[in-house]
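Heads up, the thing below is written out as structure tokens.
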Amino acid sequence: MSNAVAVDRAALAAQVKQVVTSTPVYDIHTHLYAPPFGDLLLWGIDDLLTYHYLIAEVFRYLDLSYDQFWSLSKTEQADLIWDTLFIQHSPVSEACRGVLTTLNRLGLDVKPRDLPALRQWFAKWQPADYIDHCMELARVKTICMTNSPFDPLERPVWEQGYEGDSRFTSALRIDPLLVDWQNTVPQLAEWGYDVDAGFGGRTMAEVRRFLAHWSKRMNALYVMVSLPPDFAFPDAGPCGRLIEEAVLPHCREHNMPFAMMPGVKRLVNPGLRLAGDGVGRSNLDALQNLCAEYQDNKFLTTVLSRENQHELDVMARKFRNLHIFGCWWFTNIPSLVEEMTRMRVELIGLSVTLQHSDARVLDQIIYKWDHSRQVIARVLTDKYADLAATGWQVTDAELQRDVNDVLGGSFEAFLAR
Ligand code: FIX
Ligand code: ZN
């Protein structure tokens, strides 16, 4: 005989939706920048339309050569993408839908399909005010940038004394150091570090000096890298050695998590440039070995391949020094966000950061968070309904606490540990 308690599902759904929709999020991984970084901050209709997700999609329909496409101005590329992906075909892909959600939430009428009128509307904005406007609409309280000392456009802004912006925090990105050591050595040497490609002399100490300098200069919350699917650890090659002898000791000393993002195959089609990266299933034994061997280090991880998601969640059950975040890139589509969110909540509860935006264009935070919140609310409603059927009702305060956790609170607690 069932003792199931009757649940007012519609009321519960409305309550969860209200809390998930109104709770400010900490967007813990983006490619956005504060105003002093100038043109590095992308925003507005032409940047939305030339997002690399849409560039990859437009070539499905075009006969144009890659070179011809890249020789077009940004406005011409945007025109072509608008015509091909929005006018010649219905914009049903997640990245296309995202442009329309963004425009709609900005108060623009998409029905007339009038690109020049849209451009006119954007022209009236200045970036500094527009950042506040987008953050308010997206209900994002803080944006974590991805900051690379190896980026020739970004580096001078730090060197000229960037003083910070309360809306933005920073993460130290070190891909060239770990995945392209041979070419990075001359660069480090030019900047005054006494390094040797064969790791002789003071090399490791100098790499640590480099990491310490930039962590401090950027006030970075964590150190981060994206990795190919075949990343292995332990490994006697440069990447393995640098992680073991420089990055992990640095992170321990400064109590910074090391964010590892495995699964990206860079430039599987170089003609597409930034749009040319692919995905591969990773061997997560590497991450497991790191979590097991370095329990005094903290690891932040999101994995690109759908096939890796279940084992990643199980790993988080075994290692409290592992914090899982976001549905990254090709997994940031509603069907997979739903699957991953459900699986994460069922396996690891609320000690997770369910989403990050990975926005490269400011306005995208509006759609990325809007779409994700819809899924998160749906999943949480199901979970609370299952509890309610046993007679366990979450209070308003408990619901708000839980939502805070999965939208950034859990991440901040992990940083503070
Ligand atoms: O490595 C990363 O941080 C990736 O997110 C990017 O490189 C990628 O191009 C992207 O924009 C994905 O959303
Ligand atoms: Zn990213």
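Using a Gaussian network model of the chain whose springs link C-alpha atoms within less than 10 Å, name the residue from 62, 85, 103 with the highest mean-square fluctuation.
So, out of 62, 85, 103, the one fluctuating most is 62.
Restricting to DSSP H runs of at least four residues, report the calculated mean residue ellipticity at 222 nm for the chain, -39500 (n - 2.57) per run over all residues, nearest 500 deg cm²/dmol.
Helix contribution divided over all residues of the chain: -13500 deg cm²/dmol.
Please list, in chain and number order, the residues 5+ apart from residue 221 or on another chain whose amide H is under 5 Å from its amide H, with Hs placed from the backbone.
170, 171, 172
Let's test the formula: R0 of 22 Å, r as the Cβ-Cβ distance of residue 417 and residue 253. What FRET efficiency results, to the nearest 0.05?
Working from the Cβ atoms, E equals 0.90.
Among 198, 237, 326, which one moves the most in a GNM of the chain with springs linking Cα atoms closer than 10 Å?
198
Which residues does the label zone of residue 75 cover in the stretch 40-60, counting backbone N under 16 Å from a point 7 Å along Cα→Cβ?
44-50
Placing unit charges on C-beta atoms (Lys and Arg positive, Asp and Glu negative, everything else neutral), compute the dipole magnitude of the chain about its Cα centre in debye, rounded to 20.
In debye, rounded to 20, the chain gives about 680.
Considering Cα pairs under 8 angstrom that are at least six residues apart, work out the relative contact order of the chain and quote it in whole percent.
23 percent
What is the fewest-to-most order of 291, 327, 134 by other Cβ atoms lying within 10 Å of their Cβ?
Exposure proxy ranking, most exposed first: 291, 134, 327.
With all distinct Cα pairs included, what does the Kirkwood hydrodynamic radius of the stretch 276-339 come out to in Å, to one decimal, could you say?
One over the average 1/r among Cα pairs gives 12.4 Å for the stretch 276-339.
Report ³J(HN,Hα) in whole Hz for each residue of the stretch 115-128, in order, from the Karplus equation J = 6.51 cos²θ - 1.76 cosθ + 1.60 where θ = phi - 60°; Gly and Pro get x.
Ordered by residue, 3J(HN,Hα) equals 5, x, 5, 4, 4, 4, 5, 5, 4, 7, 8, 10, x, 4 Hz.
Please give the net charge around residue 74, taking every other residue with its beta carbon less than 9 angstrom from that of residue 74, where Lys and Arg add +1 and Asp and Glu add -1.
Net local charge, residue 74 excluded: -3.
Any aspartates and glutamates with Cα under 16 Å of the residue 383 Cα? List them, leaving off those in the same chain fewer than 8 positions away.
8, 338, 339, 346, 396, 398, 402, 405
Long-range amide H contacts for residue 140: which residues qualify at under 5 Å (H placed 1.01 Å from N, peptide plane, sequence gap of 5 or more or a different chain)?
Those lying under 5 Å, H to H, from residue 140 are 25.
Neighbouring Cβ atoms within 10 Å as the yardstick, rank 87, 324, 333 fewest first.
Ascending number of Cβ neighbours within 10 Å: 87, 333, 324.
Counting Lys +1, Arg +1, Asp -1, Glu -1, what net charge surrounds residue 51 among other residues with beta carbon under 12 Å of its beta carbon?
Net local charge, residue 51 excluded: -3.
Considering the Cα positions of the stretch 85-150, please state its Rg to one decimal place and its Dmax as a whole number of Å.
Over the stretch 85-150's Cα set, Rg and Dmax evaluate to 14.6, 44 Å.
Hey, what D do you get for the stretch 31-106 in µm²/s if you plug the Kirkwood alpha-carbon radius into Stokes-Einstein at 37 °C and 0.692 mPa s?
Rounded to a whole number, D works out at 248 µm²/s.
Taking 0.36 nm per residue of separation and subtracting the Cα-Cα distance, what length does fully extending residue 123 through residue 153 add?
Value of the extension gain: 8.4 nm.
Just to be sure I understand the model, the point goes 7 Å from the Cα along the line to the Cβ. What's the resulting residue 213 to residue 191 distance in nm?
For residue 213 paired with residue 191, the spin-label model returns 0.7 nm.
What lysines could a cross-link reach from residue 298, if we take a straight Cα to Cα line under 21 Å and drop same-chain neighbours fewer than 8 places away?
216, 318
Which whole-number percent is the relative contact order of the stretch 255-334 (Cα, under 8 Å, 6+ apart)?
Relative contact order here is 30 percent.
Based on the Cβ-Cβ distance of residue 31 and residue 2, what FRET efficiency does E = 1/(1 + (r/R0)^6) give at R0 = 60 Å, to the nearest 0.05?
0.75
If you line up the Cα atoms of the chain on their principal axes, what length do they span on each, largest first, in Å?
Rounded to whole Å, the extents work out to 70, 59, 40 Å.
Considering amide H positions built from the backbone, and no H for Pro or chain starts, which residues 5 or more places from residue 300, or on another chain, come under 5 Å of its amide H?
So residue 300 has HN proximity to 258, 259, 260, 323.
Ratio of Rg to Rh for the stretch 349-417, alpha carbon only, Kirkwood?
Using Cα coordinates only, the ratio equals 1.04.
Is any residue of the stretch 90-131 close enough, with backbone N under 15 Å, to a label point placed 7 angstrom from the Cα of residue 167 along the Cα-Cβ axis, and if so, which?
125-131
Based on the Cα gyration tensor of the stretch 315-375, what are the three equivalent ellipsoid semi-axes, each the root of five times an eigenvalue, rounded to whole Å and given largest first?
For the stretch 315-375, the ellipsoid semi-axes come out as 22, 13, 9 Å.
Any chance you could tell me what percent of the C-alpha pair distances in the stretch 224-377 go past 26 Å?
28 percent
Over all directions, average the projected area of the Cα convex hull of the stretch 33-72 and note it in nm².
3.5 nm²
Which of 341, 40, 89 sits closest to the plus end of the dipole of the chain, meaning its Cα is farthest towards the positive end, when Lys and Arg get +1 and Asp and Glu get -1 on the C-beta?
341
Kindly provide the pair-distance distribution of the stretch 17-157 built from C-alpha pairs, with 5 Å bins from 0 and whole-percent values in order of increasing distance.
For the stretch 17-157, the pair-distance distribution reads 2, 8, 16, 19, 19, 17, 12, 5, 1, 0.
How much of the pair distance distribution for the stretch 105-204 lies past 17 Å, counting alpha-carbon pairs only, in percent?
Result for the distance tail: 69 percent.
Every read-out reported here was derived from the displayed coordinates using simple, explicitly stated rules and does not represent laboratory data. Remember, predicted model here, so these are calculated numbers, not experimental data. Methodologically, a virtual Cβ is constructed for each residue, glycine included, from the backbone with ideal geometry; neighbour enumeration extends over all protein chains shown.
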